[in-house]
Structures are given as structure tokens and as C-alpha cells.
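Below is one structure, written out as C-alpha cells, with a few remarks after it.
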Amino acid sequence: MPRIVREADLTWEGSSAKGTGTFTAATSGAFAGLPYTEPTRVFQPEGHTSPEELLAAAHGGCFTMALAAELTKARTPPDRLDVRCTVTMDEVEGLGHQIVHSHIEAQGRVPGADAPAFRAAADAADAGCPFSRLLRATAEVTVTATLVETTGG
């Protein structure tokens with residue numbers, strides 16, 4: 001795989017407590033002006049995103065592609081994968097706020113695969129996912145993998 005470089009542009013105006021910012025996908029243009037604020041980051045999102053939500057999307061997206069690749073390598077490409085990634089930030093004594101956990105919950109419709117094979121593919125995907133490795137440097141990463149019954153597979 002070639003070296004991958006992607007960019008995002010961010011703006012922030014005002015203090016931490018009362019300021020506002022935006023995220024824009026500089027490389028792809030896939031999103032622009034996603035709003036974020038400190039109050040909506042900590043309390044209710046109210047239609048705003050946060051760095052933690054974007055991290056959850058990035059980790060979940062990377063894992064999902066890795067899982068599809070592992071299943072395809074095992075000659076059981078998925079019909080469908082449904083994945084939710086939950087990132088938790090918490091106060092850590094002496095360190096301030098830190099990402100402490102990322103949990104992936106994956107469900108898959110995978111004709112020809114059994115539950116142990118799906119679990120093995122999920123474990124391999126987690127081990128190979130660059131975001132899982134990055135997060136493990138300071139946080140716990142867990143994965144739940146459930147194979148959904150398929151008919152005719």
C-alpha cells in the first residue's frame with residue numbers, strides 16, 4: 001500500500017468555554033464546516049461533532065475495511081458489516097483528559113463463515129488496524145464480533 005497523507009482544516013474562534021470551531025476535510029472535500037464547541041463536546045452534541053466522534057468514525061472505518069479484507073482473504077467476503085465504535089475520554093489522575101477506551105461492536109452477514117472464523121477475522125482485523133495500534137499506546141481497545149445468521153450460505 002502506498003503512503004497515505006490526508007489533511008483536515010480546522011478553525012477556532014474565541015475562548016475554550018465560549019468559542020466555536022469547524023472541521024473541514026481539506027483533501028477530499030467530503031465534509032466542510034462541521035461545527036464543534038466545548039459545551040457540545042462535553043454535554044449534549046446538539047448537532048455538533050467532536051474530535052472524539054471523528055476519532056470513533058476513523059477507528060471504526062479502518063477496522064471495518066480491515067475486517068472485510070480479512071474475511072475476503074479467508075474466501076468468505078461479507079455481504080454486510082455493521083460496526084459501531086465508541087470512544088471514551090475520561091479524566092486520568094495526573095494526566096488530565098485522555099482517550100481511555102475504544103470499543104468496536106461488529107456484526108456481520110458472512111456467507112460461508114462460522115462464528116469462530118468471524119471472531120478470528122475480527123481479531124486479525126483489530127491486530128492489523130493502524131488506529132487500533134495507535135490507540136493501544138494509551139487506551140484500552142476491545143472488540144465484540146457477532147456473526148448474523150445467513151440463509152443459503
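Checked against the criterion of being touching a Leu at 6+ places or on another chain (Cβ under 6 Å) and under 16 Å from SER132 (Cβ atoms), the candidates THR64, THR49 yield just one match: THR64. If you filter the range 1-40 down to residues that are of a type in the set (A, V, I, L, M, F, W, C) and either surrounded by fewer than 10 Cβ atoms within 10 Å (Cβ to Cβ) or more than 26 Å from CYS129 (Cβ to Cβ) (or both), you find that the one that is farthest from the chain's Cα centre (by Cα) is ALA17. Among strands (runs of 3 or more DSSP E) entirely within the range 1-110, having at least 2 residues that are among the small types (Gly, Ala, Ser), at negative phi and not assigned by TED's automatic domain parsing to the domain that holds PRO130 singles out 20-25. What pairs come out if I take residues in the range 11-22 that are of a type in the set (Lys, Arg) and pair them with residues that are at pLDDT below 95 whose C-beta lies under 6 Å away, six or more apart or interchain? Note: no pairs meet the criteria. Looking at the structure I just gave you, is GLU46 in contact (Cβ under 8 Å) with a residue 40 or more places away in the chain, among the charged types (D, E, K, R) and either under 16 Å from ASP123 (Cβ atoms) or surrounded by fewer than 18 Cβ atoms within 10 Å (Cβ to Cβ) (or both)? Against the criterion (in contact (Cβ under 8 Å) with a residue 40 or more places away in the chain, among the charged types (D, E, K, R) and either under 16 Å from ASP123 (Cβ atoms) or surrounded by fewer than 18 Cβ atoms within 10 Å (Cβ to Cβ) (or both)), GLU46 does not qualify. A single entry from ALA127, ALA113, ALA121 fulfils the requirement of being surrounded by 20 or more Cβ atoms within 10 Å (Cβ to Cβ), touching a Lys or Arg at 6+ places or on another chain (Cβ under 9 Å), without any contact (Cβ under 8 Å) to a residue 60 or more places away in the chain and assigned by TED's automatic domain parsing to the domain that holds ASP79: ALA121.
Taking the criterion of being surrounded by fewer than 15 Cβ atoms within 10 Å (Cβ to Cβ) and either without any contact (Cβ under 8 Å) to a residue 60 or more places away in the chain or within 30 Å of SER16 (Cβ to Cβ) (or both), the residues of the range 53-79 that qualify are ALA57, GLY61, MET65, THR72, LYS73, ARG75, PRO77. Screening TRP12 with (1) in contact with a strand residue (DSSP E or B) (Cβ under 9 Å, 6 or more places away or on another chain); (2) closer than 23 Å to GLU140 by Cα gives one miss only, at (2).
The values are calculated or read from the model by the stated rules, or taken from the named source; none is laboratory data. Being a predicted model, the structure only gives us computed values, none of them experimental. Quick reminder, even Gly has a Cβ in these numbers, built from the backbone with ideal geometry, and neighbours come from all protein chains shown.
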